[in-house]
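Before any comments, here is the structure.
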Amino acid sequence: MRATVAALLRKELALELRTRESVPAMVLFTVTTYVLFHFGLDRDTVEGDLAAGVLWVTLLFAAVLGINRLFVAEHEQGGFDGFLLAPVDRTALLVAKAVTLLCFLCAVELIAVPAFGLLLLGPSLGQALPELALVVVLADVGIAAVGTLVAALAIQTRARDLIVPLLVLPLLVPVVLGASRATAPLLAQGGAEALPGDWLALLALYDLLFALIAYAVFDFLLED
Amino acid sequence: MPETAVALRGAGRRYGERSALRDVSLELAAGQTLVVLGPNGAGKTTLLRMLATLLRPHAGEVRVLGCALPDDGYLVRGRIGFLGHEPLLYRELTGRENLRFHARLHGAAPARVEEVLEAVGMTARADDPVAELSRGMVQRLAIARAVLHEPELLLLDEPHANLDPAAVAHVQPLIGRASGRTRVLTSHDPAGGLTGADLALGLRRGRVALLDGCADVTPAQIAALYA
């Protein structure tokens, strides 16, 4: 399965590099949203709980853009048929798409998090970065697992653009909750506080649970 | 006694309440060619997609290369070459990138990609994005994709669509009778389709309207099929 995942992943990254459809749109969305928060909250800076909430809600909505487009090439250009005709484990498609989404999210966050620090955040990000990276990775794994599952389900419907946010946002409430609570102490005024372990554990448990659910049901979503 | 490559017994397929195929029974021996004829909407593409394991049969028995579908579909997938209405190629990738991707999925050697590109006469344009190629060139690449893994059974839906006569001649060694493979193909050209086939299946509204050796099919039967 590793060779199949590598082949699919290589194709996904080549397509994104060629079309630049997902990541640039997601980055632009996050920066625009920070500017909107700046004016909407009528504050020059945010910190603590508010900063964490703004950061994660923005990243979550940006993720929805990527999730919406995750299977578009497969659906519109016969990629599903091409894959289903090959003698390979179908789970490889789930893994490759989830890793692709994870890569997209990480690429967006490499720009979006520093941009958040520059445009909105009061306290400096520097000291909190290693711990924030851990929270980001745990949250991204959950978003990638749920996002891939929902994208595969929604692509079969005509109302894909509606179904994705309607399904993915409620399902990702625990991720936003866990990530925001874990991030808030890191963005507190007066220096980063300790990382709350229980919220990290919640994120890790969520990741494991939804990775297993996605693994269990993905094959059925590919059946005609 | 030649081995049976495709066997259907009362096979059927529905889309919702509508029956696209009903009670189709036939046998095709290995190495033979079946041409499927019929007017638009007769069920030709549905039959091909069912044999390719892309659609589940809803009634009857379907066996392809000795494997019962849909349960043993995973055993037969790598042994089928499918050429449908869609080329199954990513428009933003080049022809070579597309074929290398499919070669990796099928476990075919990278050298085979160059071999099939040469065989369909697309080596010179292999590094152009598919979106920039003419329909005929895309069809040639789609043929290259379908035979990349050297399948035993070819399922060809209008294989000569968009091809000029020279291109048709060019791809004959890959998908024609000369390929030596078992073939099931659809055609809107009854005369041309019957020429290269052993067995003719005529479908009308999803039902078998004609099933006979190609040599025995009469013009009157063809006319009745399309009437």
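Derivation of every value follows stated rules applied to the coordinates shown; laboratory data play no part. All values derive from a computational prediction rather than experimental measurement. A quick note on method: Cβ atoms are made from the backbone with ideal geometry, for glycine too, and the neighbour counts reach across all protein chains shown.
In terms of other Cβ atoms within 10 Å, B:HIS160, B:HIS102, B:HIS85 run from fewest to most in the order B:HIS85, B:HIS160, B:HIS102. Would you mind checking the tilt of helix A:160-171 against the longest principal axis of the Cα atoms of chain A, expressed as 0 to 90 degrees and rounded to 10? With both axes taken from Cα atoms, the answer is about 50 degrees.
For the pair the range B:156-227 and the range B:104-151, the centres of their Cα atoms are 24 angstrom apart.
If one computes P(r) from the Cα atoms of the protein assembly as shown, what percent of pairs lie at distances over 36 Å? Percent of Cα pairs beyond 36 Å in the protein assembly as shown: 40.
Determine the shape class of the range A:118-164: with a ≥ b ≥ c the square roots of the Cα gyration tensor eigenvalues, call it rounded for a/c under 1.5, and otherwise prolate if a/b is greater than b/c, oblate otherwise. Oblate, since a/c reaches 1.5 and b/c is not below a/b. For B:LEU21, the residues whose amide H sits under 5 Å from its own are B:ARG13, ignoring neighbours fewer than 5 places away on the same chain, with H placed 1.01 Å from N. As a ratio to 2.2 N^0.38 Å, the alpha-carbon radius of gyration computed for the range A:1-41 takes the value 1.79. Note the angle between two axes, namely the Cα long axis of helix A:2-19 and the longest principal axis of the Cα atoms of chain A, as a number of degrees from 0 to 90, rounded to the nearest 10. Roughly 70 degrees between the two axes. Within the range B:4-226, the proportion of C-alpha pairs whose separation exceeds 28 Å stands at 29%. What separates the Cα centres of the range A:1-42 and the range B:35-71 is a distance of 39 Å. Across peptide B:81-92, the mean count of Cβ atoms from other chains lying within 10 Å of each residue's own Cβ comes to 5.
With a/c under 1.5 counting as rounded, go ahead and sort the range B:88-169 into rounded, prolate or oblate using the C-alpha gyration tensor (a ≥ b ≥ c being the square roots of the eigenvalues; past the cut-off, prolate if a/b is larger than b/c, else oblate). Oblate, since a/c reaches 1.5 and b/c is not below a/b. The mean number of Cβ atoms from other chains found within 10 Å of a Cβ in peptide B:103-113 is 3, as a whole number. Looking at chain B, the DSSP beta bridges with both ends there are about 60 percent antiparallel. Looking at the protein assembly as shown alone, DSSP beta bridges between its own residues are antiparallel in about 55 percent of cases. When chain A is treated as a GNM with alpha-carbon contacts under 10 Å, the residue of A:LEU171, A:LEU162, A:LEU149 showing the greatest mean-square fluctuation is A:LEU162. If one takes the longest principal axis of the Cα atoms in chain A, at what angle in degrees, from 0 to 90 and to the nearest 10, does the Cα axis of helix A:129-154 lie? It works out to around 40 degrees. Separation of the range A:76-135 and the range A:169-183, taken as the distance between their Cα centroids, equals 16 angstrom. Other residues lying with their Cβ under 15 Å from the Cβ of A:LEU50 contribute a combined charge of -2, Lys and Arg counting +1, Asp and Glu -1.
In terms of packing, defined here as the mean over residues of other Cβ atoms within 10 angstrom, the peptides B:219-227, A:4-12 line up highest first as A:4-12, B:219-227.
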